[in-house]
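Enquirer: Have a look at this one.
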Amino acid sequence: MFLRKLAIIHTALVIGLLVFGTITYFFGIGFVTNFDVNSDVFVYVVPLIALLGYFGSIYIFKKQLQKIKSSEPLQIKLDKYQTASITKYALIEGPTLLIFFQFMNSGYALYFTIACCLLLYLAVQRPNKNRLIQELNLNTEEQRQL
């Protein structure tokens, strides 16, 4: 039940971004491949936001997992894992949304590509039982309960 709930949250976030990305693709101003680096500050801001979202999600997720004690009950571990996972998803989704917005305004193909890469990374983060067991270092009794 726990994994199903987390998977539904993850899937909703991915589908929402996919729909929004599709909307920006079809209803934006189109692709612009040549742009002037000197006139657009977002050429620097967009990759920076993407890098902060990507590395920030990894860093904060690991920090939150380190706070989970092996002596805690399984339900507490799962609650903390769910909080850490949702935080990780949000730190990836936020920059992706902002970058899709910027793509819709400017049409720069670079922005769309970066946003799609972040979306793909988020999609790959789908929760599963093996990943949960590995990241929480569950013992055999806890694995059986799961």
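The values are calculated or read from the model by the stated rules, or taken from the named source; none is laboratory data. Computed from a predicted structure; not experimentally measured. Cβ atoms come from the backbone with ideal geometry, glycine included; neighbour counts cover every protein chain shown. Note: accessible area is taken over every heavy atom of the protein model, side chains too, but ligands, DNA and RNA are not part of it. Shrake-Rupley method; radii C 1.70, N 1.55, O 1.52, S 1.80 Å.
Enquirer: Tell me the label-point distance for the pair residue 134, residue 109, using the 7 Å Cα-to-Cβ offset, in nm and rounded to one decimal.
Expert: It works out to 3.5 nm between the two label points.
Enquirer: By how many degrees, between 0 and 90 and to the nearest 10, does the Cα long axis of helix 74-106 differ from the longest principal axis of the chain?
Expert: 0 degrees
Enquirer: Take the Cβ-Cβ distance between residue 8 and residue 29 as r, set R0 to 30 Å, and report the resulting FRET efficiency rounded to the nearest 0.05.
Expert: Calculated transfer efficiency: 0.30.
Enquirer: Just going by the charge dipole of the chain, with Lys and Arg at +1 and Asp and Glu at -1 on Cβ, which of 76, 34, 61 is farthest out on the positive end?
Expert: So the residue furthest toward the plus end is 76.
Enquirer: Rank 17, 112, 87 by how far each Cα sits towards the positive end of the charge dipole of the chain (+1 on Lys, Arg Cβ; -1 on Asp, Glu Cβ) and give me just the farthest.
Expert: Value computed over the given set: 87.
Enquirer: For the chain, what does the helix formula give at 222 nm: sum of -39500 (n - 2.57) over DSSP H segments with n ≥ 4, over the residue count, nearest 500 deg cm²/dmol?
Expert: -26500 deg cm²/dmol
Enquirer: Does a label point 7 Å from the Cα of residue 60, set along Cα-to-beta-carbon, have any residues of segment 76-96 with amide nitrogen under 16 Å, and which are they?
Expert: Those under the cut-off are 80-96.
Enquirer: Order 58, 68, 23, most accessible first, counting only protein heavy atoms with a 1.4 angstrom probe.
Expert: These residues rank, largest area first, as 23, 58, 68.
Enquirer: So, one more: Please give the per residue accessible area of segment 20-112, computed with a probe of 1.4 Å over protein heavy atoms only, in Å².
Expert: Spelled out: the 1.4 Å probe surface of segment 20-112, per residue, equals 57 Å².
Enquirer: Same structure, new question: Using a probe of 1.4 angstrom, how much of the accessible area of the chain is carbon and sulfur, in percent?
Expert: With neighbouring chains kept in place, the figure for the chain is 64 percent.
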